[in-house]
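The values are calculated or read from the model by the stated rules, or taken from the named source; none is laboratory data. Since we're looking at a predicted model, the values are computed, not measured. We place every Cβ from the backbone using ideal geometry, glycine too, and count neighbours over all the protein chains shown. Quick note on the areas: whole protein, heavy atoms, side chains included, nothing else; ligands and nucleic acids left out. Shrake-Rupley method; radii C 1.70, N 1.55, O 1.52, S 1.80 Å.
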Amino acid sequence: MIKQRGSGAGLYIVYLFFRFFGYPGLRFILFFVVFYFSLTTPAIKRYLREYYLLCTGEFNFRIYYRHLFSYALVFADRFLSKKFLARYHVKVHNESSFFVGLEKGGLFLFSHVGDWSICERVLSKKNITVNIVMQEVIKESIRGFAEFIQDKQNNPLKIIDLSEGSIPVAIRIANAFKKGEIVAMMADRLLTQQGGVPVTLLGRRVMINKNPFEVGYNRDVPLILLLSLRERDYHYTVSYHRLAPYDRTLPKEESIAKVAQEYAALLEKTIKEHPEQWFNHYDFFNNGAAV
């Protein structure tokens, strides 16, 4: 589930500042927005304190502010890159082998790292359709802004809405794989306690979303961790990491847990290198994982 903060009116203001003044104008308006949120989000501050102490061993207001500012820039880019696509540059690591072996479909594992939607540019060039399984809680005003700024003629992403119910969602996922398309699921956000798998991350036992790993096991499709990171203004990097095949000699639950832990290790490596770009702003390290 993705919860959007802010309002459509606020995004229009951000859009206008960016349109006429570029990133200097965007940073100017975001300075005030982020400062306001840094003073009015004590719960997020508590969650990030625990995260940073585990990840880097250091946390203060400056780190907190910089983290929120990084999030604000990435959140703005999510919309602005659709309207001003030519200004953005996406570098793909190992691009020649990026989609090798995915002719019959595959499963992308997205995370709350950087901005996964920037991958649209890469996917549209390859003429590949990706079905994102998600439930988006979004204000109508923000939805209106998103529709205003979205390029509907060149959008390789389809949404499979979890609110449709488990059976319709399962059918749509199966149909996507049948057509050789890609299915993408968020792996780092626990949706329900019943849908979690325990892993070790930053030295703590936590729960992550079990559903994508179970779908990958049942459908016997390759799992690819897809990461997109903001390097600087207008520049992102995208990398992929193909996870090891499931060990079919093990019981199903053990095999799933093994692959989930491999994902967690890759995620940990990434967030240690870029702690300010993991935007999992909830009580992640107290989500009830079995020890």
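Within segment 224-291, the proportion of C-alpha pairs whose separation exceeds 19 Å stands at 49%.
Taking Cβ atoms as reference points and 15 Å as the exclusive limit, the residues near SER255 contribute a net charge of -1, counting Lys and Arg as +1 and Asp and Glu as -1. Checking the cross-link pairs LYS82/LYS210; LYS82/LYS158; LYS45/LYS258 against a 22 Å limit on the alpha carbon distance flags LYS82/LYS210; LYS45/LYS258 as lying beyond it.
Normalised Debye scattering of segment 172-254 at q = 0.22, 0.24 Å⁻¹ gives log10 I(q)/I(0) of -1.24, -1.32, counting only Cα atoms as equal scatterers and leaving out solvent.
In segment 185-236, the portion of solvent-accessible area held by carbon and sulfur atoms comes to 44 percent [1.4 Å probe, whole percent, DNA, RNA and ligands not counted].
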